[in-house]
1. How large a share of the accessible area of the chain, in percent, is made up of carbon and sulfur atoms when the probe is 1.4 Å and the other protein chains stay in place?
2. Give the residue list of GluC sites (Glu not before Pro) in the range 8-78 that are DSSP loop and have at most 15 other beta-carbon atoms within 10 angstrom.
3. When only Cα pairs under 8 Å and 6 or more residues apart are kept, what is the percent relative contact order across the chain?
4. Rank these by accessible area, largest first, 1.4 Å probe: 28, 53, 45.
5. List, largest first, the extents of the alpha carbons of the range 45-91 along their principal axes, each in whole Å.
6. How much length is gained on full extension from residue 65 to residue 77, taking 0.36 nm per residue of separation minus their Cα-Cα distance?
7. Show that you can apply the helix-only estimate: for the chain, add -39,500 (n - 2.57) for every DSSP H stretch of four or more residues, divide by all residues, and state [θ] at 222 nm to the nearest 500.
8. How would 16, 81 rank on accessible area, largest to smallest, probe 1.4 Å?
Amino acid sequence: MSKISLIIQTLNNEATLPACLESIKLQSFTDWEAVIIDEGSQDNSLTIAEKFSREDERIKVTVFDKASKAMLENIIAKHCTGEFLLFVEPN
């Protein structure tokens with residue numbers, strides 16, 4: 001099987017982000033990485049993302065204020081190593 005890169009853009013999702021990340025971690029398929037892109041959250045979303053990143057090396061966090069499509073493509077090229085990309089909404 002091929003590795004999957006999960007792209008999770010978050011902006012003030014502290015209420016739903018933990019459940020989203022826990023759900024991903026509980027999947028039976030384990031060859032994945034999650035790249036969380038915090039887009040300038042004003043709540044605890046970044047703190048939550050960083051906590052999960054410290055607990056699981058497959059989870060990476062990067063911060064961009066309002067990532068444009070071009071910036072998003074650069075983030076993916078720089079941080080994602082999976083053969084397949086999947087965008088996950090933490091809502």
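1. Values: 2850 of 5390 Å².
Carbon and sulfur: 53 percent of the exposed surface of the chain.
2. On the way: sites: 14, 22, 33, 39, 50, 55, 57, 73; in loops: 14, 39, 57.
Filter output for the range 8-78: 57.
3. Values: 149 pairs, mean separation 42.3, N = 91.
Across the chain, relative contact order equals 46 percent.
4. Working: 28 115, 53 35, 45 0 Å².
My answer, sorted largest first, is 28, 53, 45.
5. Largest to smallest, the principal-axis extents are 28, 26, 21 Å.
6. On the way: separation 12, 0.36 × 12 = 4.32 nm, distance 1.80 nm.
Value of the extension gain: 2.5 nm.
7. Working: 3 runs with 31 residues, N = 91.
Rounded to the nearest 500, the figure is -10000 deg cm²/dmol.
8. Details: 16 50, 81 90 Å².
Result, largest first: 81, 16.
The values are calculated or read from the model by the stated rules, or taken from the named source; none is laboratory data. The shown structure was predicted, so the numbers you read here are calculated from the model rather than taken from an experiment. For neighbour counting, all protein chains shown are included, and Cβ atoms are generated from backbone atoms with ideal geometry for every residue, glycine included. All accessible areas refer to the heavy atoms of the entire protein, side chains included, with ligands and DNA or RNA removed. Shrake-Rupley method; radii C 1.70, N 1.55, O 1.52, S 1.80 Å.
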